[in-house]
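Okay, structure first, notes after.
The values are calculated or read from the model by the stated rules, or taken from the named source; none is laboratory data. Worth saying up front: this structure is predicted, and the values here are computed from it rather than measured. As a convention, Cβ positions derive from the backbone with ideal geometry for all residues, glycine included, and neighbour counts pool all protein chains shown.
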């Protein structure tokens, strides 16, 4: 089976951190808007979301942080019944929560960068998982949202 470099989580994080470093080099260190208590409440909610989804995903599926080729069993219960990528979901929500609480242009651009890269990586992983688990993953994908547990698909 051909192994895709793009399926390696550590490569994804190198790309994300490289983009964040570039954003901090390019954008000024000035707040885009004045923070308020609402900003910090939103950050706290994002942090709690991150803690819940990240810990629950890791506890439910110890294989999740690995390349999709190394996954031996499809997990569709726990937080995986609400979203297909709970760890990416948690990281995206936390990144935007940080950007809302500390509204630097570099943080907003970094949250956008992280969202784009994680979305690309999720699609790469999904293609691998679809080949590996075929109909089972296809059905799971049709009924479970990718990142946000707003509404289950029918």
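One table, with the values for the structure above:
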{"item": "Enumeration of residues in the range 16-54 that are in a loop (DSSP other than H, G, I, E, B) and touching a strand residue (DSSP E or B) at 6+ places or on another chain (Cβ under 9 Å)", "result": "27, 28, 29, 30, 32"}
{"item": "Residue ID - surrounded by the fewest Cβ atoms within 10 Å (Cβ to Cβ), chosen from residues in the range 101-127 that are in a helix (DSSP H, G or I) and more than 17 Å from the chain's Cα centre (by Cα)", "result": "105"}
{"item": "Boolean, residue 147 is surrounded by 15 or more Cβ atoms within 10 Å (Cβ to Cβ) and either out of contact with any helix residue (DSSP H, G or I) (no Cβ under 8 Å at 6 or more places or on another chain) or part of a helix (DSSP H, G or I) (or both)", "result": "no"}
{"item": "Identity of the residue in the range 1-10, surrounded by fewer than 10 Cβ atoms within 10 Å (Cβ to Cβ) and either modelled with pLDDT of 80 or more or in a helix (DSSP H, G or I) (or both), that ends up farthest from the chain's Cα centre (by Cα)", "result": "5"}
{"item": "Residue match in the range 76-84 (condition: more than 30 Å from residue 41 (Cβ to Cβ) and modelled with pLDDT of 85 or more)", "result": "yes"}
{"item": "Meets criteria (assigned to a helix (DSSP H, G or I) and either on the phi > 0 side of the Ramachandran plot or modelled with pLDDT under 90 (or both)) for residue 13", "result": "yes"}
